[in-house]
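Colleague: Here it is, the structure, as structure tokens.
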Amino acid sequence: MNENDEETRFNPLLAILIALFGSTSWLGVNAFWVEMSVHTQTLPEGWHLGSILTIIIQISSIPALIYTLLDHKNRIKISTAPIIELALVIVAIAILLVGHFNDFTVEIGGSKRSIVVYICMFFVGSVSILSDVLFIPYMKNLPAAYFQAFFVGLGMSALMPSIFSIIQGASSYECVVVPGEAQRPPRFIAPLFTVEVFYFIVFCWYCIGLVAFILIHHKRRWIFNVWPERLTWRIGSAGYHDNKEAVATKTWNGRSDVLLLTMIAIVYSLISVLMPSIQSYVALPYSPQTYSWSLTLCAIIQPVGSFISFFAPLRKIPLMVVTCCLTVLSAMFCLTLAFQSPSPWLVGTTAGSVSVILLTMTVFGLGCYTRSVIFEYIQSSSPSPAATHRRLLYAGLVGQAGTVVGTIFVFPAVNIFNLFKSAPSC
């Protein structure tokens, strides 16, 4: 297979490798979140650990801001590939250290603090946020047909830790009957395997993602040679962009791009900040099983939403506005239910449980679909090939800005003003 065929024929093996690479983007942060129920039982911070982690993740956006500034000033003189490889090595080591030294504490201000967790999760968060301004812009080096494969992987970064956690049984508990008391306290069941094993599995997944990226960047010819040509199909012109005649110095297309960036910020704030923060208030009042199914199916629907965008892309901005508005409306409905906790509409009914599961799935599924099609449109509508990197870089940065703004509002509402009331676990 000649070099031109690598650009004009779709190779499923390359798409799978891109998805594996994309799955490393937010893998570590999502892994820590799904393991939170175990950590809160063993670490001195208890249930305050989630709030602390939220702050650490926002602080870890500093390296991404520095990288973006240096890139904007054209101060980065090396290829992005070695930076990505180094980032994946760092995050893999950091997540391994979380598993082995998460119980190491230091007394600070009269209280014990899980200092190793703080430091390691800073590096994990840094790489995760960097992925939006480093991994996504790298995709400009590949034919546009593979672009959505990365976002399928981005969804997998939430799915895979959830699968590991389900197998582990990290959040499994039983309600204990205490004689003479009306309330039944939860008693967590010992997990199938330890925290160390869980994070070692995540470490191995990072290694798989690193190998996938090395093959993508350094061995692309080998990928096409090893995969049967009869199992590939033509994807049209080898061109990466629709308009190569535009002036190279132009980066944006005016108001339409402002609208696209605004929608990216909104979607990021909803699926990365608001929904993870209020999902327990939305679903747990109906039953622990409802909450468990909501978490599991929402993790599954994220890569599915990105996968659907591969077969059903949107080419018109008004349609993207529609899907974004539907995502916002669904999220606002969830927010209304969260404010009503612990006694929301249809509580204690099967219809209520099914409805809330479908509602939360709609937010994550539509949100991931909208995010994928907008990024694909930002890439394909680039005024020039030279502008593609900047467009994807700033789009990723705007997404992170959306999460920061979302955190500024959601964090105090949940953790300081206590606007939401928790439902009892049993």
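Every number in this text was worked out from the coordinates using simple rules, so none of it is lab data. Because the structure is a prediction, the values reported are computed rather than measured. For neighbour counting, all protein chains shown are included, and Cβ atoms are generated from backbone atoms with ideal geometry for every residue, glycine included.
Colleague: So how tilted is helix 317-340 from the main axis of the chain? Cα-based, degrees 0 to 90, rounded to 10.
Modeller: Between helix and principal axis, roughly 10 degrees.
Colleague: Taking amide H atoms as placed 1.01 Å from N in the peptide plane, list the residues 5 or more away in sequence, or in a different chain, whose amide H sits under 5 Å from that of residue 173.
Modeller: Residues meeting the criterion, in which the H sits 1.01 Å from N, are 189.
Colleague: May I pose another question? Suppose a student asked you for the relative contact order of the chain, using Cα pairs under 8 Å spaced at least 6 residues apart; what percent would you report?
Modeller: Values: 658 pairs, mean separation 107.9, N = 426.
25 percent.
Colleague: Classify the range 139-194: rounded, prolate or oblate, from the alpha-carbon gyration tensor (a ≥ b ≥ c, eigenvalue square roots; a/c under 1.5 rounded; otherwise prolate if a/b is larger than b/c)? Mind showing how you got there, number by number?
Modeller: Values: a/c = 8.14, a/b = 3.76, b/c = 2.17.
Taking the square roots of the gyration eigenvalues as a ≥ b ≥ c, the range 139-194 is prolate.
Colleague: Another question, if that's okay. Given springs between every Cα pair under 10 Å in a Gaussian network model of the chain, which of 356, 177, 29 has the largest fluctuation?
Modeller: Maximum among the listed residues: 177.
Colleague: Also: Any idea what angle helix 288-311 forms with the longest principal axis of the chain, computed on alpha-carbon atoms, 0 to 90 degrees, nearest 10?
Modeller: Tilt of helix 288-311: around 10 degrees.
Colleague: Ok, one more. Sort by residue number and report every cysteine in the chain with no other cysteine beta carbon within a distance under 4.7 Å.
Modeller: Cysteines lacking a close Cβ partner in the chain: 120, 204, 207, 298, 324, 325, 334, 368.
Colleague: So, one more: With 10 angstrom as the radius, rank 391, 315 by how many other C-beta atoms surround their C-beta, starting from the fewest.
Modeller: Numbers: 391 24, 315 11.
Ranking 391, 315 by Cβ neighbours within 10 Å, fewest first, gives 315, 391.
Colleague: Relative to the longest principal axis of the chain, what angle (0 to 90°, nearest 10) does the C-alpha long axis of helix 195-218 take?
Modeller: Between helix and principal axis, roughly 10 degrees.
Colleague: Hey, can you grab everything whose amide H is under 5 Å from the amide H of residue 10? Only 5+ residues off in sequence or another chain; H modelled, so Pro and N-termini drop out.
Modeller: Under 5 Å from the amide H of residue 10: 233, 234, 235.
Colleague: Just check the range 343-426 against the gyration tensor rule for me: Cα atoms, a ≥ b ≥ c as the square roots of the eigenvalues, rounded for a/c under 1.5, and otherwise prolate or oblate depending on whether a/b exceeds b/c.
Modeller: Oblate is the answer for the range 343-426, as a/c is 1.5 or above yet b/c matches or exceeds a/b.
Colleague: Separate question: When a/c reaches 1.5 or more, the comparison of a/b and b/c decides; with that in mind, is the chain rounded, prolate or oblate per its Cα gyration tensor? Can you show the working numbers first?
Modeller: Values: a/c = 1.78, a/b = 1.54, b/c = 1.16.
Prolate, because a/c is 1.5 or more and a/b exceeds b/c.
Colleague: Quick one: what are the phi-derived ³J(HN,Hα) couplings along the range 150-166, Karplus 6.51/-1.76/1.60 with θ = phi - 60°, whole Hz, x for glycine and proline?
Modeller: Values per residue, Gly and Pro as x: 5, 6, 4, x, 4, x, 5, 5, 8, 5, 4, x, 5, 5, 4, 5, 5 Hz.
Colleague: Given the range 1-236, what count of lysine pairs have C-alpha atoms under 29 Å apart, with each pair 8 or more places apart or on different chains? Present the calculation step by step, with values, prior to reporting the outcome.
Modeller: On the way: 73/140; 77/140; 77/219; 140/219.
Lysine pairs, 8 or more places apart or on different chains, close enough: 4.
Colleague: Let me ask something else. Give the residue from 150, 402, 378 lying farthest towards the positive end of the charge dipole for the chain; charges sit on Cβ (+1 for Lys and Arg, -1 for Asp and Glu) and the dipole is referred to the Cα centre.
Modeller: 378
Colleague: Considering only DSSP states other than H, G, I, E and B, which chymotrypsin sites (Phe, Trp or Tyr not before Pro) in the range 97-139 qualify as loop sites with at most 15 other Cβ atoms within 10 Å? Please list the in-between numbers first.
Modeller: Numbers: sites: 101, 104, 118, 122, 123, 135, 138; in loops: 104.
For chymotrypsin sites (Phe, Trp or Tyr not before Pro) across the range 97-139 that sit outside H, G, I, E and B with at most 15 neighbouring Cβ atoms in 10 Å, the list reads 104.
Colleague: Oh, and also: Lys/Arg Cβ at +1, Asp/Glu Cβ at -1, dipole of the range 1-102 taken about the Cα centre: which of 58, 23, 42 is farthest positive-ward?
Modeller: 58
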